[in-house]
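The values are calculated or read from the model by the stated rules, or taken from the named source; none is laboratory data. The model shown is predicted, which means the values in this text are computed figures rather than measured ones. Cβ placement follows ideal geometry from the backbone for every residue including glycine, while neighbour counts extend to all protein chains displayed. Accessible surface areas use protein heavy atoms only, side chains included; no ligands, DNA or RNA. Shrake-Rupley method; radii C 1.70, N 1.55, O 1.52, S 1.80 Å.
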Amino acid sequence: MPSTPAGRKIIGLIAGNRQFPFLFARAARDQGYKIIAAGVVGDTSPFLFFSVDKFQYFKVGELKKLFAYFREHQVAEVIMAGQVNQDNLFNPSVKLDQEFQVLADALRDRRADTIFTAVADRLNKEGMELLDSTFLLKKYLAPRGTLTKRAPTVSELKDIDFGLTIAKLMGGIDIGQTVVVKEKAIVAIEAMEGTDKTIARGGAIARGGAVVIKTSKPKQDNRFDVPVIGPKTIQTMASVKAACLAIEAGKTLIIDREKTVALANKAGICLLAA
């Protein structure tokens, strides 16, 4: 790994939305890394500037400029943290540079894993390795057990068992990671809209008491799309009176665990990591 004259290790951060980029930046700084961050216009918070050493915005599709930015700052290892709004796939105002257009034309489909794997391959050709995005964040992965005061009911456990099978099947074909269940009925499956919108949609249909299951994919590539929950997840569940959230222990990142659990306790929501 390259280092600065002062001996600090250098890492590139491709930052999406929400709090995951901040979580990584804090952990990387604590461990002595110099962080060269690339933000996505319309997705990445401008406040990330204060948590990294270098920060520059890029439009979706500006792959050539991104590579040049990382090369300029001697980046050889890169991580992705945070989602990029997939609405950009259908936004006519998004212009792909020649580098990204060549990559896009070669894609067999437009699933998230397909796109990000192609980007990882291009980074590799540029002499940069895309790393497991949790490699500095193991302590933030969910521990096994019931994390809230309230344990799941027998009915909720049955829904979790039922929904877990569906979630793994969906993840296996890269549709999504989240399923909303009520009384062994699938009321919502995550597609491109993301976890929070899936919970809101499914919770509205269930009219209270929904069980949410969020899992890793059977062949999860931790370089991108790691399952993440946090306070916003619980707030969304509370807004539709959802009852229980089941996640995978050791495979799901929890942003601000203390606040997340406190919000769940306040709302009477069970949070289970199995």
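Neighbours of Thr44, meaning other residues whose beta-carbon lies under 14 angstrom from its beta-carbon, give a summed charge of +1 when Lys and Arg score +1 and Asp and Glu score -1.
About its Cα centre, the dipole of the chain is roughly 740 debye, where the only charges are +1 on Lys and Arg Cβ and -1 on Asp and Glu Cβ.
Subtracting the Cα-Cα distance of Lys241 and Asp87 from their residue separation scaled by 0.36 nm leaves 52.7 nm. Within the shell defined by Cβ-Cβ distances under 14 Å, the residues around Ser93 carry a net charge of 0, with Lys and Arg each +1 and Asp and Glu each -1.
Give the carbon-plus-sulfur fraction of the accessible surface of the chain in %, rounded to a whole number; probe 1.4 Å, heavy atoms of protein chains only. Within the chain, the accessible surface is 54 percent carbon and sulfur. The Cα center of region 89-129 and the Cα center of region 33-51 differ in position by 21 Å. Beyond 26 Å between alpha-carbons counts as too far, so tell me which of Lys158/Lys217; Lys182/Lys251; Lys34/Lys217; Lys9/Lys259 fall in that bin. Violating the 26 Å limit, Cα to Cα: Lys34/Lys217; Lys9/Lys259. For the chain, the solvent-accessible area of protein heavy atoms averages 48 Å² per residue (probe radius 1.4 Å; ligands and nucleic acids excluded). The order of the peptides 140-147, 249-256 by mean Cβ neighbours within 10 Å, most packed first, is 249-256, 140-147.
When Met192, Met80 are compared by accessible surface with a 1.4 Å probe, the order from highest to lowest is Met192, Met80.
Since only Ile11, Gly61, Ala76 are under comparison, the one whose Cα sits farthest along the positive direction of the charge dipole of region 11-169, derived from C-beta charges on Lys, Arg, Asp and Glu, is Ile11.
Among Asn222, Met237, Gly145, flag the residue with its Cα farthest along the positive direction of the charge dipole of region 137-274, charges on Cβ as +1 for Lys/Arg and -1 for Asp/Glu. It is Gly145. A dipole drawn for region 106-187 from +1 and -1 charges on Cβ atoms has a positive end, and of Ile175, Thr134, Val119 the residue lying farthest that way is Thr134. Rounded, prolate or oblate: which one fits the chain, using the alpha carbon gyration tensor with axes a ≥ b ≥ c (rounded when a/c is under 1.5, else prolate when a/b beats b/c, else oblate)? Taking the square roots of the gyration eigenvalues as a ≥ b ≥ c, the chain is prolate. Taking only the C-alpha atoms of region 113-162, the Rg (one decimal) and the largest Cα-Cα distance, Dmax (whole number), read 18.9, 53 Å. Against the chain, whose longest principal axis comes from its Cα atoms, helix 63-72 is set at around 60 degrees.
Computed with every protein chain present, the accessible area of Leu96 is close to 60 Å² [probe 1.4 Å]. Sorted on the mean count of surrounding Cβ atoms within 10 Å across their residues, most packed first, peptides 52-59, 15-22 read 15-22, 52-59. Axis of helix 20-30 versus longest Cα principal axis of the chain: the two differ by about 60°, to the nearest ten degrees.
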